[in-house]
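The values are calculated or read from the model by the stated rules, or taken from the named source; none is laboratory data. Computed from a predicted structure; not experimentally measured. Glycine gets a Cβ as well: all are built from the backbone with ideal geometry, and neighbour counts include every protein chain shown.
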Amino acid sequence: MIVLLPFLCEVIDATHDPEMIRTKPAIFVKFFAPWCSHCMHMQPAYIELSESFGESIDDMDQLAVTIAQVDCTQNNVLCQQHGIGAYPTLVLFRSGQRIAEFGGDRTYEQMDKWIRQTLGMKQKESDPEQDPIDATMNFTQVVAQGHSMVKFFAPWCSHCVQMKPAYAKLAGKFNDRVKVIEVDCTRTELCNQLGIRAYPTMVYYKDGKKMEEYQGDHSAVQMGQFLEQKLQEVQMLQDVKIEDIGSNFKIIQEGWHFVKFYAPWCSHCNDMQPEYIKLAHQMKNQPVNIWMVDCTKAPGDLCQRQGITGYPTLTLFKDGEIVGQYDSGHRSAPAMKQFIQTKLEEQQIAQLPSLVQDATNSLPQLIKDKPIFVTFCINNQMCSTIKPIVNKMADTLKDTELIFGWVNCEKNRNMCAQYGVGNYPTMTLYENGDRKGNYQGQADESSIRMWLLVNSDFAV
């Protein structure tokens, strides 16, 4: 399944893909069972390990290590083939050959160091560590200004103790940008007042105001990515300006325009403004302009002529005509963006460029003829997002022997089922008539190209 997220590596599930272990240049595999407490206990460190090796294609020769896992309750035969007798068992393979079994402490630091030593790779520089700020007795004053990440904990909480090294790394990395704070809930009534019911509970504050509770893994990398995102959002809110077109409404007569009709006294209008700014930022490279109209200042009966009877009203125009109104109660940037993109797709005829071959009815023959990277799709949002990436890659790699194919499974579901396609989009590499593997990473050209370079027998 293709992941449409900012670049972020993941632990690859190789349970039903033994080919992966045989073909990857280097792969570190955790053989586990879901009921195994030690397996679950080490998972945050294992996720952080996968992120440690998530680098760009430029560094691929140095860092082409896949971090994977196999659920032995789902594929016992594969685990028996590799002699797995206890869980978790951590094995490093190189080009299909078993190199060594990891026997150290199952911490991110120890596993990362061992893999790099075993493969003769450079050791990764560690982030500096720093003690978090103890705000147990002066919480309100400490979080009053700036950005703060707060860990509410209890000393007897095992998960709180386990995450201490990662939290110290987080404090060291963000020491000049974010206050990394901890509050001992056994020493203050503050936690009861704030409704803290579980430990650890982690909350991001801005200028003393609770902004968002952190729900991710307790790894330094994951927590750091969360904070980087929050800092970027704050900067974006300061940088992005949305123009009021009440006095220049004729601008909507050409092209696509999404307009928020509002009144300054409307609390719902004000509450959604941060999400509307995020939307403007996300759509800045799209063919849709994001505007606002203050109906208390708009000239004449502009808002009345547009049928505005409540605030906010969010209307999509094309060439001056109303295409649709966003009427979902959930006014988030992703939801509004999806609404706009759906309307765009409804208004356009999707055409594949000549460099991407329509393989809907000719895939068996194409697979025999040449190496081909095939995208199996249906009419959904993720397929619409991946299409321009495939188009661009086909153009970029047009001078190689690899061809790109597109299969519309809406038109030929039987064939897609025969090829084992159950998720859309599914992207598969075939060479000499055989399937080399399915791409399971991020939906960006660099990540896909890196995967092709690792898994194919030709230069890309």
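Asp217 passes every criterion in (1) loosely packed, with under 15 Cβ neighbours inside 10 Å; (2) part of a loop (DSSP other than H, G, I, E, B) apart from (1). Just one of the listed residues (Met211, Met202, Met236) is among the hydrophobic types (A, V, I, L, M, F, W, C), within 12 Å of Val150 (Cβ to Cβ), surrounded by fewer than 19 Cβ atoms within 10 Å (Cβ to Cβ) and under 24 Å from the mean Cα position of the chain (by Cα), namely Met211.
When the range 289-322 is limited to residues that are among the aliphatic types (A, V, I, L, M) and surrounded by fewer than 18 Cβ atoms within 10 Å (Cβ to Cβ), the one that is farthest from Gly255 (Cα to Cα) turns out to be Leu302. The listed residues are Ser126, Ser95, and the only one of them that is on the phi > 0 side of the Ramachandran plot, at pLDDT below 90 and in contact with a helix residue (DSSP H, G or I) (Cβ under 9 Å, 6 or more places away or on another chain) turns out to be Ser95. Among the residues that make up the range 330-341, is at least one of them buried (at least 19 other Cβ atoms within 10 Å of the Cβ), touching a Pro at 6+ places or on another chain (Cβ under 9 Å), touching a residue at least 40 places away in the same chain (Cβ under 8 Å) and not small (Gly, Ala, Ser)? Yes, the conditions are met somewhere in the range 330-341. Number of residues in the range 110-143 that are in contact (Cβ under 8 Å) with a residue 40 or more places away in the chain, loosely packed, with under 13 Cβ neighbours inside 10 Å and more than 23 Å from Gln222 (Cβ to Cβ): the value is 3. A single entry from Gly224, Gly310, Gly300 fulfils the requirement of being small (Gly, Ala, Ser), within 26 Å of the chain's Cα centre (by Cα) and either assigned to a loop (DSSP other than H, G, I, E, B) or over 18 Å from Ala335 (Cβ atoms) (or both): Gly224. Across the range 275-288, the number of residues qualifying as surrounded by fewer than 19 Cβ atoms within 10 Å (Cβ to Cβ), assigned to a helix (DSSP H, G or I) and either without any contact (Cβ under 8 Å) to a residue 24 or more places away in the chain or touching a Leu at 6+ places or on another chain (Cβ under 6 Å) (or both) comes to 0. Inside the range 185-227, residues that are of a type in the set (S, T, N, Q) and touching a strand residue (DSSP E or B) at 6+ places or on another chain (Cβ under 6 Å) make up a count of 1.
For the range 430-445, the count of residues that are within 23 Å of Ile67 (Cα to Cα), among the aliphatic types (A, V, I, L, M) and modelled with pLDDT of 90 or more is zero.
In the range 191-238, which residues are aliphatic (A, V, I, L, M) and free of Cβ contacts under 8 Å to residues at least 12 places away in the same chain?
If the condition is that a residue be aliphatic (A, V, I, L, M) and free of Cβ contacts under 8 Å to residues at least 12 places away in the same chain, then Ala198 is the only one that fits.
Results for (1) touching a strand residue (DSSP E or B) at 6+ places or on another chain (Cβ under 9 Å); (2) part of a strand (DSSP E or B), shown as yes or no for each residue.
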site: Ala68; (1), (2): yes, yes
site: Gln80; (1), (2): no, no
site: Phe93; (1), (2): yes, yes
site: Asp105; (1), (2): no, no
site: Gln110; (1), (2): yes, no
site: Lys113; (1), (2): no, no
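As for the range 405-421, it holds no residue that is modelled with pLDDT of 90 or more and farther than 16 Å from Ile378 by Cβ.
Criterion first (in a loop (DSSP other than H, G, I, E, B), within 30 Å of Leu78 (Cα to Cα), in contact with a strand residue (DSSP E or B) (Cβ under 8 Å, 6 or more places away or on another chain) and in contact (Cβ under 8 Å) with a residue 24 or more places away in the chain) does Arg177 satisfy it? When the stated conditions are applied, Arg177 does not pass them.
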